[in-house]
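Below you'll find the structure, written out as structure tokens, and then a few comments.
The values are calculated or read from the model by the stated rules, or taken from the named source; none is laboratory data. Quick caveat, the model's predicted, so the values are computed rather than measured. Note: ideal-geometry Cβ built from the backbone for every residue, glycine included; neighbour counts use all protein chains shown.
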Amino acid sequence: MATTTIITGSSDDLLEFEGHLYEEFSVDGNNGLLEFSDGTTLRVNYGKGGIWRFAAEVEGPAFQSIARCTGDDEDEYTDTVKMGQVDWAKYSEAGQVQRVFAKGIKNPLEPIIAILRRYDDEEAAERIQQHIDANYLPR
């Protein structure tokens with residue numbers, strides 16, 4: 001099983017995770033914040049020249065590197081982040097939050113949130129999600 005995760009931008013609206021974490025987030029790429037279970041925090045921007053940029057604000061123990069895109073080649077449009085083993089990542093932007101958990105790591109309250117949403121109790125589901133964010137995910 002992979003113990004590293006590679007994060008890149010794709011197109012003008014996707015963040016891709018490959019490796020230990022495996023997911024694709026649909027994002028605006030406008031000054032987003034990407035947080036990891038080890039405390040690493042990255043600023044994410046898609047902008048000038050159509051290039052995805054990542055900037056480390058906090059480097060946790062699993063942070064390994066950011067390979068910078070030069071933009072000299074039309075096929076080169078993203079910085080590449082390499083992370084060691086982390087259990088989850090959270091991306092937030094303009095009040096919207098997306099999460100990815102490593103295989104085998106589950107949000108313990110996810111079944112409750114799903115039931116509440118199924119019965120259209122969006123307010124209660126949001127309160128539980130806010131509790132998770134405040135108590136279990138880094139700021």
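So, in segment 36-60, how many residues would count as being part of a strand (DSSP E or B) and in contact with a Phe, Trp or Tyr (Cβ under 8 Å, 6 or more places away or on another chain)?
10
Determine the pairs where a residue that is under 13 Å from Met83 (Cβ atoms), located within segment 41-60, has a partner that is surrounded by fewer than 13 Cβ atoms within 10 Å (Cβ to Cβ) with Cβ atoms under 7 Å apart, the partner being 6 or more residues away or on another chain.
Final answer for the pair search is Thr41/Glu57; Leu42/Ala55; Leu42/Glu57.
Any chance segment 76-88 includes a residue that's within 11 Å of the chain's Cα centre (by Cα), closer than 24 Å to Ile128 by Cβ and modelled with pLDDT under 90?
yes
Within segment 44-58, restricting attention to residues that are of a type outside the set (Val, Ile, Thr) and within 15 Å of Lys90 (Cα to Cα), which residue is surrounded by the most Cβ atoms within 10 Å (Cβ to Cβ)?
Filtering segment 44-58 for residues that are of a type outside the set (Val, Ile, Thr) and within 15 Å of Lys90 (Cα to Cα), the one surrounded by the most Cβ atoms within 10 Å (Cβ to Cβ) comes out as Phe54.
In the set Thr78, Thr41, which member is under 16 Å from Ser92 (Cβ atoms), surrounded by 16 or more Cβ atoms within 10 Å (Cβ to Cβ) and of a type in the set (S, T, N, Q)?
Thr41
Might you let me know whether segment 18-32 holds any residue that is in a strand (DSSP E or B), touching a Leu at 6+ places or on another chain (Cβ under 8 Å) and at pLDDT 90 or above?
No, segment 18-32 has no match at all.
Based on this model, can you work out whether Gln85 counts as in the same structural domain as Leu21 (by TED's automatic domain parsing), surrounded by 15 or more Cβ atoms within 10 Å (Cβ to Cβ) and not in a strand (DSSP E or B)?
It is true that Gln85 is in the same structural domain as Leu21 (by TED's automatic domain parsing), surrounded by 15 or more Cβ atoms within 10 Å (Cβ to Cβ) and not in a strand (DSSP E or B).
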